[in-house]
1. In segment 29-65, which residue that is touching a residue at least 40 places away in the same chain (Cβ under 8 Å) and touching a strand residue (DSSP E or B) at 6+ places or on another chain (Cβ under 7 Å) is farthest from residue 187 (Cα to Cα)?
2. Pairs under 6 Å by beta carbon, first residue on the phi > 0 side of the Ramachandran plot in segment 217-233, partner in a helix (DSSP H, G or I) and surrounded by fewer than 20 Cβ atoms within 10 Å (Cβ to Cβ), six or more apart or different chains?
3. Which ones in segment 288-301 are surrounded by 18 or more Cβ atoms within 10 Å (Cβ to Cβ) and either touching a helix residue (DSSP H, G or I) at 6+ places or on another chain (Cβ under 6 Å) or outside any helix (DSSP H, G or I) (or both)?
4. For segment 193-209, indicate whether the set of residues that are on the phi > 0 side of the Ramachandran plot and in contact (Cβ under 8 Å) with a residue 12 or more places away in the chain is non-empty.
5. Out of curiosity, is residue 116 assigned to a loop (DSSP other than H, G, I, E, B) and under 29 Å from residue 255 (Cα atoms)?
6. Enumerate the helices (runs of 4 or more DSSP H) found wholly within segment 173-287, keeping only those where 2 or more residues are modelled with pLDDT of 95 or more.
7. Counting only residues that are touching a helix residue (DSSP H, G or I) at 6+ places or on another chain (Cβ under 8 Å) and not in a loop (DSSP other than H, G, I, E, B), how many does segment 125-143 have?
């Protein structure tokens with residue numbers, strides 16, 4: 001399946017691996033693991049994983065500083081559309097390849113491998129390494145596991161198929177690592193983020209249609225001493241509230257003059273609502289960057305309407 005990708009890796013001496021803006025563990029781990037695997041297999045090549053980092057994910061691994069490059073191959077991980085590619089311009093590269101598990105949005109690379117049945121981009125790279133000459137070791141295996149675990153919310157999402165567990169088992173057996181240490185790198189967090197979680201629980205509004213949402217202002221962020229991305233990163237912690245079927249956080253990001261909307265669902269497919277509001281994502285996990293609070297609240301209205309329609313269809317059925 002990935003023969004063209006391997007051929008291009010062999011063809012180029014310089015390879016740059018990018019991913020989407022607003023780094024998350026799957027995006028970061030997929031690019032770091034692919035970088036390290038290519039470097040392990042072809043030590044003579046120059047391979048860089050680039051993008052804007054986050055202090056939260058320093059324990060996972062380090063990105064590279066951009067060096068001068070020409071006639072380079074670009075591999076973009078975990079990114080469905082061109083506007084969300086972090087730190088690089090596609091046109092600066094001799095050739096480009098996309099590896100992604102989001103629903104298809106647009107073609108922007110020369111070769112595109114898109115499989116929205118996969119739990120994560122890390123799962124795709126697990127297949128790539130297993131089924132090709134690319135090499136692996138325990139550290140790369142740990143990276144791939146962390147990305148898969150994070151994007152599947154510890155195997156809770158329906159995107160985890162029997163094949164997901166099979167390939168995880170393969171890596172755990174062939175390239176073992178300390179799972180408890182991997183979870184520590186992913187989930188260890190400071191007390192102020194736990195307090196933010198408490199704030200979300202106490203201030204979540206719930207509509208009659210079972211939409212739960214909370215607005216987190218810049219004042220709250222500063223009072224609690226947390227990063228503006230913290231709320232979006234912990235949205236999966238609210239998966240199983242009986243009275244809530246779709247839930248969202250609206251976080252003010254005053255530095256970038258926007259509101260970050262993170263959405264999750266246990267039923268209705270929310271990605272189309274996100275796309276309607278200039279965002280995107282998966283069927284049950286999506287996001288929007290809204291220019292104003294009014295725009296962000298419009299997303300909530302659209303989600304509530306989606307739930308109302310879903311409830312009506314269920315009652316009529």
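1. Applying the first criterion (touching a residue at least 40 places away in the same chain (Cβ under 8 Å)) to segment 29-65 yields 29-34, 36-38, 40-41, 54-56, 59-61.
If we keep only those that are touching a strand residue (DSSP E or B) at 6+ places or on another chain (Cβ under 7 Å) too, we end up with 30-32, 34, 38.
Working: 30: 18, 31: 20, 32: 19, 34: 23, 38: 28 Å.
Looking at the filtered set, the residue picked out is 38.
2. From residues that are on the phi > 0 side of the Ramachandran plot, the pairs are 225/192.
3. Our first condition is that a residue be surrounded by 18 or more Cβ atoms within 10 Å (Cβ to Cβ); within segment 288-301, this holds for 288-290, 296, 299-300.
Answer for segment 288-301, where residues must be surrounded by 18 or more Cβ atoms within 10 Å (Cβ to Cβ) and either touching a helix residue (DSSP H, G or I) at 6+ places or on another chain (Cβ under 6 Å) or outside any helix (DSSP H, G or I) (or both): 288, 289, 290.
4. The first filter runs over segment 193-209 and keeps only residues on the phi > 0 side of the Ramachandran plot, leaving none.
No, segment 193-209 contains no residue that is on the phi > 0 side of the Ramachandran plot and in contact (Cβ under 8 Å) with a residue 12 or more places away in the chain.
5. On the way: assigned to a loop (DSSP other than H, G, I, E, B): yes; under 29 Å from residue 255 (Cα atoms): no.
For residue 116, the condition - assigned to a loop (DSSP other than H, G, I, E, B) and under 29 Å from residue 255 (Cα atoms) - is not met.
6. Details: elements: 179-187, 191-203, 218-224, 230-233, 271-276.
Per the criteria, 179-187, 191-203, 218-224, 271-276.
7. Keep residues of segment 125-143 that are touching a helix residue (DSSP H, G or I) at 6+ places or on another chain (Cβ under 8 Å), which gives 125-130, 132-137, 139-143.
With not in a loop (DSSP other than H, G, I, E, B) added as a condition, the list becomes 125-130, 139-143.
Qualifying residue count, segment 125-143: 11.
The values are calculated or read from the model by the stated rules, or taken from the named source; none is laboratory data. These figures come from a predicted structure and were not determined experimentally. Cβ sites come from the backbone with ideal geometry, for glycine too, and all protein chains shown count toward neighbours.
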